[in-house]
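Worksheet: the structure to be examined is printed underneath.
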Amino acid sequence: MVSKKAKILAITGSTRKNSSNYKILKFISENIKPEFEVNIFEDLADIPHFNPDLDTENPPEKVQSFRNKIIEADGVIICTPEYVYSLPGSLKNALEWCVSTTIFSDKKTGLITASASGEMAHEQLSLIMKTLGAKFEKNNQLLIQGIRGKINEEGKIIDQETEIALQDFMENFENQF
């Protein structure tokens, strides 16, 4: 009997190529249990600005594609930086396109904020995802402060506490399934 792999959509909140947030999601994709298939979504910059007038029967193609990736996923992990004490505009924009849907309702979700500080963005991300109906607990959230000193250019976690925290995060996330 072949068991189906759980599909995880990993969304990086940074539009920067090879960002620390991307590197964290890459680490997760390479270290999560084999029962999970992680696909990293890096196309936030391609999603048009949210416009409720366009969010009707036929939303823009890039929006529908993003929504479909969420629908098709068994779970979602979001890893974002904090910009000016808030979420990056591109991530918030993408999430705003989900408000009129139920695609996050009871979706198994993990939230990571990795930034210099990150407290405000982490709080906002949690509130937004609660509003969208995502399913997550405290142990499915992780705030990594001072990320630039904890990961190297090649994406290797060089801080033991951070690596342990990520391993714990993955185990808690996996246990939702």
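The values are calculated or read from the model by the stated rules, or taken from the named source; none is laboratory data. Since the structure is predicted, the reported quantities are computational estimates derived from the model, not experimental observations. Reconstructed Cβ throughout: ideal geometry from the backbone, glycine too, with neighbour counts over all protein chains shown. Surface accessibility is based on the protein's heavy atoms, side chains included, excluding ligands, DNA and RNA. Shrake-Rupley method; radii C 1.70, N 1.55, O 1.52, S 1.80 Å.
What are the pairs, 6+ residues apart or on separate chains, where a residue within the range 49-66 that is among the basic types (Lys, Arg) has its Cβ under 6 Å from a residue that is buried (at least 17 other Cβ atoms within 10 Å of the Cβ)?
62/47
Among the listed residues 137, 153, 171, identify the single one that is at pLDDT 95 or above, open to solvent by 70 Å² or more (accessible area, probe 1.4 Å) and within 28 Å of residue 94 (Cα to Cα). Let's see the steps before the verdict.
Values: 137 fails: at pLDDT 95 or above; 153 fails: at pLDDT 95 or above.
Of 137, 153, 171, the one residue that is at pLDDT 95 or above, open to solvent by 70 Å² or more (accessible area, probe 1.4 Å) and within 28 Å of residue 94 (Cα to Cα) is 171.
Do we have any residue at all in the range 53-69 that's touching a helix residue (DSSP H, G or I) at 6+ places or on another chain (Cβ under 7 Å) and open to solvent by less than 20 Å² (accessible area, probe 1.4 Å)?
The answer is yes, given that some residue of the range 53-69 is touching a helix residue (DSSP H, G or I) at 6+ places or on another chain (Cβ under 7 Å) and open to solvent by less than 20 Å² (accessible area, probe 1.4 Å).
Of all the residues that make up the range 70-92, how many are touching a residue at least 60 places away in the same chain (Cβ under 8 Å) and open to solvent by less than 60 Å² (accessible area, probe 1.4 Å)?
Pass one, the range 70-92, residues touching a residue at least 60 places away in the same chain (Cβ under 8 Å): 70, 72-81, 87-88, 90-91.
Filter once more, keeping what is open to solvent by less than 60 Å² (accessible area, probe 1.4 Å): 70, 73-81, 87-88, 90-91.
Qualifying residue count, the range 70-92: 14.
If you go through the range 156-168 one residue at a time, how many are of a type in the set (A, V, I, L, M) and loosely packed, with under 14 Cβ neighbours inside 10 Å? Give the steps one after another, and end with the answer.
Pass one, the range 156-168, residues of a type in the set (A, V, I, L, M): 157-158, 164-166.
Narrowing further to those that are loosely packed, with under 14 Cβ neighbours inside 10 Å: 158, 164.
Of the residues in that region, 2 qualify.
Can you pull out every residue in the range 94-119 that is of a type in the set (A, V, I, L, M) and open to solvent by 10 Å² or more (accessible area, probe 1.4 Å)? Talk me through it step by step, then tell me what you get.
Residues of the range 94-119 of a type in the set (A, V, I, L, M): 94-95, 99, 103, 111-112, 114, 116.
Once the filter is applied, which keeps residues that are of a type in the set (A, V, I, L, M) and open to solvent by 10 Å² or more (accessible area, probe 1.4 Å), the range 94-119 yields 99, 103, 116.
Tell me which residues, restricted to the range 1-52, are of a type in the set (Val, Ile, Thr), in a strand (DSSP E or B) and open to solvent by 70 Å² or more (accessible area, probe 1.4 Å). Give the derivation first.
The initial filter retains those residues of the range 1-52 that are of a type in the set (Val, Ile, Thr), namely 2, 8, 11-12, 15, 24, 28, 32, 38, 40, 47.
Those left that are additionally in a strand (DSSP E or B): 8, 11-12, 38, 40.
None - no residue of the range 1-52 is of a type in the set (Val, Ile, Thr), in a strand (DSSP E or B) and open to solvent by 70 Å² or more (accessible area, probe 1.4 Å), so the list stays empty.
Can you run down the residue pairs with Cβ atoms below 6 Å, 6 or more apart or on separate chains, where the first is in the range 125-154 and under 20 Å from residue 175 (Cβ atoms) and the partner is assigned to a loop (DSSP other than H, G, I, E, B) and open to solvent by 90 Å² or more (accessible area, probe 1.4 Å)?
Going by the 6 Å Cβ cut-off, the qualifying pairs are 135/106.
Can you tell me which residues in the range 157-177 are assigned to a loop (DSSP other than H, G, I, E, B) and touching a residue at least 12 places away in the same chain (Cβ under 8 Å)? Let's see the steps before the verdict.
Applying the first criterion (assigned to a loop (DSSP other than H, G, I, E, B)) to the range 157-177 yields 158-159, 175-177.
Those that are assigned to a loop (DSSP other than H, G, I, E, B) and touching a residue at least 12 places away in the same chain (Cβ under 8 Å): 176, 177.
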